[in-house]
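The values are calculated or read from the model by the stated rules, or taken from the named source; none is laboratory data. Note that the structure is predicted; figures quoted are calculated from it, not measured. FYI the Cβ positions are ideal-geometry reconstructions off the backbone, even for glycines, and counts take in every protein chain you see.
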Amino acid sequence: MSIFTAKRSWIVAGFFVISVLAPPAYALFAKLSTDLIAAVTIGGVKPSGSANVNQSKYPSSPGVFSIKLSNVKLPDGSVLAVNISDCPWYGPVAYLKVFGGSATLSTTLPGNCQVGRLSSITVLYKTTLISKGGNPWKI
């Protein structure tokens, strides 16, 4: 075995040990919240709401995302798409259904999606922006 092969073996072994023993990368902002601000008036009423993200168990568990909207004057069963700017490769991270003028959902975020303090959230009905929030989120 040449000296270069031996060095390479030690380097590979060292990287393996470091990767096994290194602590996981935890979310910088474990719990975030934001108010959702109306972007349009629907039926003379501005929608309002809030969103929360709990990433305190990341990376062992994906973050939990909760959203509540009220005063949404759309027909029952209307579907709203929720997008988070830090997770664009997944498309919408959630879909909400409107019933009685409100929509509520709690779900997990996609596996590699971490929400940062400066990320933004948008809620769309088809292609119309209904409400937005974040940027910055409250810690």
(Q) So in the stretch 89-106, with the set limited to residues that are buried (at least 16 other Cβ atoms within 10 Å of the Cβ) and in a strand (DSSP E or B), which one is modelled with the lowest pLDDT? (A) A94
Q.
Testing G116 on (1) free of Cβ contacts under 8 Å to residues at least 60 places away in the same chain; (2) part of a loop (DSSP other than H, G, I, E, B); (3) small (G, A, S); (4) surrounded by 14 or more Cβ atoms within 10 Å (Cβ to Cβ), one condition comes back false. Which one is that?
A. (1)
Q. Just for the stretch 119-139: of the residues that are in a loop (DSSP other than H, G, I, E, B) and in contact with a strand residue (DSSP E or B) (Cβ under 9 Å, 6 or more places away or on another chain), which one is farthest from D35 (Cα to Cα)?
A. K126
**Q.** the stretch 75-88, subset β-branched (V, I, T) and within 13 Å of T122 (Cα to Cα), residue surrounded by the fewest Cβ atoms within 10 Å (Cβ to Cβ)
**A.** V82
Q) Could you say whether any residue in the stretch 55-62 is under 21 Å from V123 (Cβ atoms), outside any helix (DSSP H, G or I), charged (D, E, K, R) and modelled with pLDDT of 85 or more? A) no
Q) Would you call V72 closer than 24 Å to A30 by Cβ and buried (at least 23 other Cβ atoms within 10 Å of the Cβ)? A) no
Q: Go through K73, K68 for me and flag whichever is in contact (Cβ under 8 Å) with a residue 12 or more places away in the chain, closer than 25 Å to V45 by Cα and part of a strand (DSSP E or B).
A: K68
